[in-house]
Amino acid sequence: MSGVSKACCSIPPIVAKGYEPKGEYKTINGLKTYVTGPSDATKAILVIYDIFGFYPQTLQGADILATSSSQKYRVFIPDFFEGDPADLSWFPPQTDEHKQKLGKFFETKAAPPNTLSKIPGVVSEANSYAPSEKFDWSILGYCWGGKIVVLSSGTENKTFKAAVQCHPAMLDPNDAKNVNIPMALLASKDEKPDDVSQFGANLKVDHYVETFPSQIHGWMAARSRLEDGEVKKEYERGYQTALDFLAKHA
């Protein structure tokens, strides 16, 4: 496991409620896409949101990724669910109805092949915003998006140079054997510890694995309760860790 460099970043104060996103929405490959970061950035991050879509905590995270490091990034979050994400009240499922709705969502809208097939077109069109021919790309995903990150970083990957998974869902240690770029895995207390450690053990590339033991699945995205001081602190530390890793490897 390769370590993370000393603080490369200056993260602005975290806004607990009423965050006003700094980016704008553009249509990229037919998808509404949140775009943030300086127009002269030569590197980009494709962010794969969780199943709850464009949440303020996720957009704030994108803005942090874009400008908090000495290395600036253009950050793109495509709306792969096309305005119809899962409802936050479904998770964790409290009723049979919640379970059914979540199950159907994962089988249809969130089925990985549906998203993976759209990524090349998104990246190709997003490159039109690069100051030169194309960006140097990294990829970062939350929860369900973590699975998309892993599958996008396999043996066929020629697009992305580094990857970060934040509290990933559907974590399969066997997937790690095919990852062909440096990868960070930031886990919560809710992922299975054996899956996290085995995933790290199976990575054949430079990697960083850390569990944030006080945090729930989703603490860096839609399920983050930023009014809680401990969550706020670890939300910031999660982004600091991700940016440190990308600064070293991307």
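Every read-out reported here was derived from the displayed coordinates using simple, explicitly stated rules and does not represent laboratory data. What you see is a predicted model; the values in this text were computed from it and never measured. Every residue, glycine among them, receives a Cβ derived from its backbone with ideal geometry; neighbour counts consider all protein chains shown.
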Q | Matching residues in segment 191-210 - criterion: being of a type outside the set (A, V, I, L, M) and either crowded, with 18+ Cβ neighbours inside 10 Å or under 20 Å from Lys161 (Cα atoms) (or both) | A | Glu191, Phe199, Gly200, Asn202, Lys204, Asp206, His207, Tyr208
(Q) For segment 28-52, give me each residue that is buried (at least 20 other Cβ atoms within 10 Å of the Cβ), part of a loop (DSSP other than H, G, I, E, B) and of a type outside the set (A, V, I, L, M, F, W, C). (A) Gly37, Tyr49, Asp50
Q: Find all pairs meeting these conditions: Cβ atoms under 9 angstrom apart; at least six residues apart or on different chains; first residue within segment 54-66 and of a type in the set (Gly, Ala, Ser); second residue assigned to a helix (DSSP H, G or I).
A: Gly61/Tyr235; Gly61/Gly238; Gly61/Tyr239; Gly61/Ala242
Q) From the list Ser188, Ser153, which residue is free of Cβ contacts under 8 Å to residues at least 60 places away in the same chain, buried (at least 21 other Cβ atoms within 10 Å of the Cβ) and more than 23 Å from Pro56 (Cβ to Cβ)? A) Ser153
Q: May I ask you to verify whether Asp50 is over 25 Å from Glu133 (Cα atoms) and among the acidic types (Asp, Glu)?
A: yes
Q | Conditions (1) aliphatic (A, V, I, L, M); (2) more than 25 Å from Lys161 (Cα to Cα); (3) under 14 Å from the mean Cα position of the chain (by Cα): number failed by Ala44 | A | (2)
Q. Could we say that Ile11 is touching a Ser or Thr at 6+ places or on another chain (Cβ under 6 Å) and in a loop (DSSP other than H, G, I, E, B) here?
A. yes
Q. So which residues in segment 135-157 are within 16 Å of Val196 (Cα to Cα), β-branched (Val, Ile, Thr) and touching a helix residue (DSSP H, G or I) at 6+ places or on another chain (Cβ under 6 Å), if there are any at all?
A. Val150
